[in-house]
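One structure is given here, and the rest of the page talks about it.
The values are calculated or read from the model by the stated rules, or taken from the named source; none is laboratory data. These figures come from a predicted structure and were not determined experimentally. Positions of Cβ are backbone-derived with ideal geometry, glycine not excepted, and every protein chain shown enters the neighbour counts.
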């Protein structure tokens, strides 16, 4: 236990030592920081004292030539003495007190006192800087404003030279501009007089006025020739051209009312006069923008004229094509309706097919009406060609849809006729196939033909008869006709295949029995089997006869299958 107590006591002692050292270091660092801040304030105070106010005041004293400047000089001197003799000593005292408090370790309100001292130093610095700036406004005025005036004179001479070289471009504005140039020259003289008498407040106003006048005059010298050119020559000429073209196009049948040319020309001329009046008094604000806007508008009118000309050409070309297509479709639809009764007598048309044709006719009537109305408007010059082209395109688009729908309807009617022709051709093919089946069955003279063959033959004949009945009906139901044709074709093909198969089996059975005769005396079983095969053959069971004969012969000759497979019945 004693060891534990000793350890705890050691730790406490060490903690106390560490805390004490830490607090000591923190306090030491704080004191060091405070000393640096106080030294900084003392340095700032000395900089304020060393501000070259007196040297600047001596410069002012040397150029005192009027009462205003003398009054200002006295005021500046009084303000400097107040700062030097009252505020600086106060700051110096505050700094000394801060040093003493720091040395005697009176830290209780040290931060507050330090903040007050910083505030006073800041106020003194602002006051001395403001005073120096006001004094230098006078002491540096001559050099400062001389430099400004030199630059202004260079700028002035530059546009003055430009003006003198191109006076003719300014036309009746020359006199007005020359008066303004004289005013600028006069202001330069006023500057020299003010500088001579050290009237620096007046100099400031003169320099500002000169700067504004020269900037304005530079713009005038640069823009007035262009403004005169636009307002007196280019735009009036364009207005005359537009008026001439407008009259010419109206004579040629163009409808241009939507452009309101006469009204816009009249308003444009008024606006031009207003702009030129402003130019004459050198009020150029927005003049260039307005003239360029007017120029763009007039260029737009020229574009509208060209657009109308192109649209007229396009309209005439499209109209010719549309007339041909419309005549063609009108004729086709007319022919369909003229023959519709005959078509309905020939074929069983669905109600849907007739309705589709009626719809096409109604839509075509609407297209014809729109087309007629469009021609009337064009002849009366009621609508501009750009709108006529748009409406013509809409009519052409509608006609294109009618052409597609009409083509589908014609294909449907045409397919009925094609199906009828196809049915008649296939009837001939089917009848020919049935005829071949009969010829083949007679040619081989089979001992007996089973009843199922005659059933197939009867079904095939009946199916052919149904085709003939459908073809003789008026109107023909194409769907039923196609079904009859498919059924008859399938039944006749079945009969044809049955005929060939039966003849093939009978022929092979005969060959097998003849071939087996060479072995029948060697085996009673073979002889008995062949007799059985002969009986089956005579009864018309050709497949069974063939199988019995082949099975019996295989006992003595296993090559019978190869020999039989090489035999083809023709």
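A compact table of results
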| quantity | calculated |
| --- | --- |
| Boolean, residue 533 is surrounded by 19 or more Cβ atoms within 10 Å (Cβ to Cβ) and over 24 Å from residue 436 (Cβ atoms) | yes |
| Every pair of residues 6+ apart whose Cβ atoms lie under 9 Å, when the first sits in region 157-178 and is in contact (Cβ under 8 Å) with a residue 60 or more places away in the chain while the second is surrounded by fewer than 10 Cβ atoms within 10 Å (Cβ to Cβ) | 176/281 |
| Long-range neighbours under 7 Å by Cβ, at least six apart or interchain, first residue without any contact (Cβ under 8 Å) to a residue 12 or more places away in the chain within region 243-259, second surrounded by 11 or more Cβ atoms within 10 Å (Cβ to Cβ) | 250/256 |
| Hits in region 472-494 (condition: more than 22 Å from residue 437 (Cβ to Cβ) and modelled with pLDDT under 80) | 472, 473, 474, 475, 476, 477, 478, 479, 480, 481, 482 |
| Criterion: touching a residue at least 60 places away in the same chain (Cβ under 8 Å), surrounded by 14 or more Cβ atoms within 10 Å (Cβ to Cβ), touching a helix residue (DSSP H, G or I) at 6+ places or on another chain (Cβ under 7 Å) and in a helix (DSSP H, G or I) - qualifying residue of 511, 492 | 492 |
| Test result for residue 209, under 30 Å from residue 71 (Cα atoms) and either in contact (Cβ under 8 Å) with a residue 24 or more places away in the chain or surrounded by fewer than 17 Cβ atoms within 10 Å (Cβ to Cβ) (or both) | yes |
| Scan of region 281-292 for residues that are part of a helix (DSSP H, G or I) and surrounded by 12 or more Cβ atoms within 10 Å (Cβ to Cβ), ordered by number | 287, 288, 290, 291, 292 |
| Unmet criterion (only one of (1) under 24 Å from residue 288 (Cα atoms); (2) out of contact with any helix residue (DSSP H, G or I) (no Cβ under 6 Å at 6 or more places or on another chain); (3) surrounded by 14 or more Cβ atoms within 10 Å (Cβ to Cβ)) for residue 250 | (1) |
| Residue within region 445-455 that is modelled with pLDDT of 80 or more, surrounded by 19 or more Cβ atoms within 10 Å (Cβ to Cβ) and over 60 Å from the mean Cα position of the chain (by Cα) present | no |
| Cβ pairs under 8 Å, 6+ apart, first in region 355-384 and surrounded by fewer than 16 Cβ atoms within 10 Å (Cβ to Cβ), second part of a loop (DSSP other than H, G, I, E, B) | 377/383; 381/253; 381/254; 381/255; 382/255 |
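Results for (1) modelled with pLDDT under 80; (2) in a helix (DSSP H, G or I); (3) farther than 15 Å from residue 333 by Cβ; (4) in contact with a helix residue (DSSP H, G or I) (Cβ under 7 Å, 6 or more places away or on another chain), shown as yes or no for each residue.
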| site | (1), (2), (3), (4) |
| --- | --- |
| 353 | yes, yes, no, yes |
| 360 | yes, yes, no, yes |
| 366 | no, yes, no, no |
| 378 | yes, yes, yes, yes |
| 383 | yes, no, yes, yes |
| 394 | no, yes, yes, no |
| 398 | no, yes, no, yes |
| 404 | yes, yes, no, no |
| 410 | yes, yes, no, no |
